[in-house]
Each structure stands twice: as structure tokens, then as C-alpha cells.
1. Restricting to the stretch 116-140, name every residue that is closer than 16 Å to ALA80 by Cβ, among the polar types (S, T, N, Q) and without any contact (Cβ under 8 Å) to a residue 40 or more places away in the chain.
2. What about PRO23, is it surrounded by 12 or more Cβ atoms within 10 Å (Cβ to Cβ) and of a type outside the set (D, E, K, R)?
3. Taking the criterion of being in contact with a Leu (Cβ under 8 Å, 6 or more places away or on another chain) and within 23 Å of ARG26 (Cα to Cα), would at least one residue in the stretch 82-93 satisfy it?
4. Considering only the stretch 82-109, how many residues are open to solvent by 40 Å² or more (accessible area, probe 1.4 Å) and either of a type in the set (Ser, Thr, Tyr) or part of a helix (DSSP H, G or I) (or both)?
5. Return a yes/no flag: does the stretch 34-45 have any residue that is of a type in the set (A, V, I, L, M), under 21 Å from GLN107 (Cβ atoms) and modelled with pLDDT of 90 or more.
6. Can you tell me which of (1) out of contact with any helix residue (DSSP H, G or I) (no Cβ under 7 Å at 6 or more places or on another chain); (2) in contact (Cβ under 8 Å) with a residue 12 or more places away in the chain is the one GLY2 doesn't meet?
7. Looking only at the stretch 114-148, filter to residues that are surrounded by fewer than 12 Cβ atoms within 10 Å (Cβ to Cβ) and of a type in the set (Ser, Thr, Tyr); which one of those is nearest to GLU59 (Cα to Cα)?
8. Quick check on my filter: what residues within the stretch 32-48 are more than 20 Å from ASP73 (Cβ to Cβ), surrounded by fewer than 12 Cβ atoms within 10 Å (Cβ to Cβ) and not β-branched (Val, Ile, Thr)?
Amino acid sequence: TGVLTADGGLNRAAMRARILADPGARSDLEAIVHPEVARRREVWLEERRVEGHPLVVSEIPLLFEVGMEDGFDRVVVVHAPEAMRLARLVEDRGLSPQEALRLMDTQGDPELKRSRADHVILNEGSRGELEAAARALLQELTSLSTGEG
């Protein structure tokens, strides 16, 4: 109640406000969502294994927060300075600065994440620069996974 739109879709702003204001609601949401996401991810990974893919990539925003980092051969963190992350949340997603800061606070210590990652991609420039850095790392990881590098 209160987080659905008139047509039954998810009102992301209302959901975000609820979980940022109420840690219990956030825990409830995570208890509902995380097991199903993990189940679907395992099915997807098995399908890729059967298909013979030498490399698969999973995007997991709360990887460290939920303690899943040991389940991967390599961990990549994309990092941007705090001021840039704040500006992007406000400008690109339409969040208020206060809401953006509360959301950032739920995402854990970025320096700790960087120190625990195998690879860090700096996201301090344009989307094109980020894409180029990601493609270069993907090529490196693909070479490693196929024994070519």
C-alpha cells in the first residue's frame, strides 16, 4: 500500500522514500527480493554455463552489503567521487540532495569497496569514457577467461 501506481506498477519514488525512512521496511523488502533475485541469478548462470560461455558478468549493486563477493572470480567496482555521485542522482534521477545523500549512505563505504575489488573503473568523466574503460576491462577479462591473455 502506498508504493503502487494506479495501474499497479511500482512507484519507485514512494518505495525509495519508505525504505530510506524506515530501516525495518528496507529489511522487509530485502528479505522478499534478495532470495528471488539469487534464485533467478543461479538459473541464469547455469544456462550460460550449459551454453559454454567462458565469461559471465553479474551486476550486483549491494554485492558487499549482502556478503556475496566471495562467489565471484573477479570483482569490479565502478567508482565516482562523492560530489559527482550526488550531482548525478540529483540531476539524472531527480532526487533532492537530502534524498540522494540518504540513498548514498545506504550503499556502504566506497573506499572499502575499492580496496576489496580486483578491478576499479573510475567514472569521473563522460559516459563514453566510462564505456571505453568498461570495454577495455571486459576485453582483458575475456582474454583471461579464454586463456588468450
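The values are calculated or read from the model by the stated rules, or taken from the named source; none is laboratory data. Keep in mind the model is a prediction, meaning the values are calculated, not measured. Neighbour counts are summed over all protein chains in view; Cβ atoms, including those assigned to glycine, are modelled from backbone coordinates with ideal geometry. Please note that ligands, DNA and RNA were not included when accessible areas were found on the heavy atoms of the full protein model with its side chains. Shrake-Rupley method; radii C 1.70, N 1.55, O 1.52, S 1.80 Å.
1. Hit for the stretch 116-140 is SER126, nothing else.
2. Values: surrounded by 12 or more Cβ atoms within 10 Å (Cβ to Cβ): no; of a type outside the set (D, E, K, R): yes.
No, not satisfied.
3. Step one: list which residues in the stretch 82-93 are in contact with a Leu (Cβ under 8 Å, 6 or more places away or on another chain), which gives 86, 89.
Subset that is within 23 Å of ARG26 (Cα to Cα): 86, 89.
Scanning the stretch 82-93 turns up at least one residue that is in contact with a Leu (Cβ under 8 Å, 6 or more places away or on another chain) and within 23 Å of ARG26 (Cα to Cα).
4. Summing the residues that are open to solvent by 40 Å² or more (accessible area, probe 1.4 Å) and either of a type in the set (Ser, Thr, Tyr) or part of a helix (DSSP H, G or I) (or both) in the stretch 82-109 gives 16.
5. Here is the first cut: in the stretch 34-45, the ones of a type in the set (A, V, I, L, M) are 37-38, 43, 45.
With under 21 Å from GLN107 (Cβ atoms) added as a condition, the list becomes 37-38.
Now restrict to residues that are modelled with pLDDT of 90 or more: 37.
Yes: the stretch 34-45 contains one or more residues that are of a type in the set (A, V, I, L, M), under 21 Å from GLN107 (Cβ atoms) and modelled with pLDDT of 90 or more.
6. Unmet condition: (1).
7. Per the stated criteria, the residue is SER115.
8. Within the stretch 32-48, PRO35, GLU36, ARG39, ARG40 meet the criteria.
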